[in-house]
Amino acid sequence: MRRALGSLRCCLALLLLLLPPAARGSPARPAGTAAGRGTDRCSSSLFTDATCKNRPLDLVFIIDSSRSVRTEEFEKVKVFLSEMIDTLDVGERATRVAVMNYASTVKVEFPLRTYFDKALMKEAVSHIEPLSAGTMTGLAIQTAMDEVFTEEMGTRPANFNIPKVVIIVTDGRPQDQVQDVAARAQAAGIEIYAVGVDRADMQSLRMMASEPLDEHVFYVETYGVIEKLTSKFRETFCAVNMCMLGTHDCQQVCMSSGGSYVCDCYEGYALNPDKRTCSAVDMCAPGRHDCGQVCVSNNGSYSCECYEGYTLNPDKKTCSAMDMCAPGKHDCAQICLSNDGSYTCDCYEGYTLNADKKTCSAVDMCAPGRHDCEQVCVRDDLFYTCDCYQGYTLNLDKKTCSRTTTSSLVTTEESCKCEAIAALQDSVTSHLEALSTK
């Protein structure tokens, strides 16, 4: 009850702050005076209360680290950044923060997409080192447009209506043209706050800042008091978080926006036409997934699978045909033929595929129609040779046969010659025998 009464008193105090000075019975603060750090207990409670959170921003700090900024002064700038981060509602769906460091060159210390945790962000800030050269403020603004305020670097799409804000902290005069580049940035929807310290050129600050200038140009005498601006920016960015009041009717996600709110949905869900409730998105609808073959929807998410004969690649999206003929993957008895994620069986020569399309049986090579022998087929395991019937001889083609012809070993002429020789031999023999008897 005590806390509730305290919050009520603070809300009444906020209403009084919104009234003109004359209406609330106090003198007006002189224009251009930086807000002091001292606040009463109520205002402190007001800005740390859970219902008071800055509206979501894409916020970029651009800090001057030229040679005119001494080391101890640059450390105070980093303290200012850390305290600013503490006042912001930092998060992926809330305020995103980037930090740029510039002198003659520009360095993006970290973009909007890097940190959504305050502690990690402040740790990164503590390690920033000055560049110690000239003051190219125009170049820094241009770099913010080209390299930081992009969706790739964490800036949210235009249809999200998230304000793009730049806070420039500098103590000198720009050495390049800032007016034109600042005008282009503002035309692109970037709101620019210019913070001048010590020797800062006021005219240059006004050239780069957004309108109205009295709300976007700040000046402090030294870096030692720059922390005074923290509360000023806190007041500027703070808005009542309607989502924390418990009066919204969003089914899933409530996003506070400048004294009002809009509803949103968790990833994998889409906002229904009533702008309040959510329905699971068919993540496997055409154009919503990047699966190469099969998309399996799963309660607002999805996973990829492959057709039979294919395997999921390491990217968990695309598929590759499996070698279905690898050992152990097929059931072919003799030959496996791979075919784009599938396979068929075949047999060696002399075998034929059985009806089961897997096993093989030896073929009778001498069966009618399987050989080309003219007369006789002789089977030899899985092969065959040709032969001929008796009285025939195999021709040179080893397939056809010719009839065998019986030829006389001695011709008639040769026979006559033989008989004459025999008669002569008989005559000589008789003559010799006659002589021997005389």
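The values are calculated or read from the model by the stated rules, or taken from the named source; none is laboratory data. Quick caveat: nothing in here was measured; it's all calculated off a predicted structure. Cβ placement follows ideal geometry from the backbone for every residue including glycine, while neighbour counts extend to all protein chains displayed. Please note that ligands, DNA and RNA were not included when accessible areas were found on the heavy atoms of the full protein model with its side chains. Shrake-Rupley method; radii C 1.70, N 1.55, O 1.52, S 1.80 Å.
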Problem - Single condition Cys52 does not satisfy, out of (1) open to solvent by less than 40 Å² (accessible area, probe 1.4 Å); (2) more than 21 Å from Tyr219 (Cα to Cα); (3) at pLDDT 85 or above - result: (3)
Exercise for the section: Please determine, by comparing only the residues of the range 83-102 that are small (Gly, Ala, Ser) and at pLDDT below 95, which one is farthest from Lys164 (Cα to Cα). Expected result: Gly91
Handout entry: All positions within the range 212-239 that are in contact with a helix residue (DSSP H, G or I) (Cβ under 6 Å, 6 or more places away or on another chain), farther than 20 Å from Pro56 by Cβ and among the β-branched types (Val, Ile, Thr)
Key = Val217, Val220, Ile226
Practice task
For the range 216-238, enumerate the residues that are touching an Asp or Glu at 6+ places or on another chain (Cβ under 7 Å) and within 16 Å of Asp89 (Cα to Cα).
Solution key: Thr230
Problem - Members of the range 276-294 that are out of contact with any Asp or Glu (no Cβ under 8 Å at 6 or more places or on another chain) and in a strand (DSSP E or B) - result: Cys278, Ser279, Ala280
Problem - Filter result for Glu267 (under 34 Å from the mean Cα position of the chain (by Cα) and modelled with pLDDT under 90) - result: yes
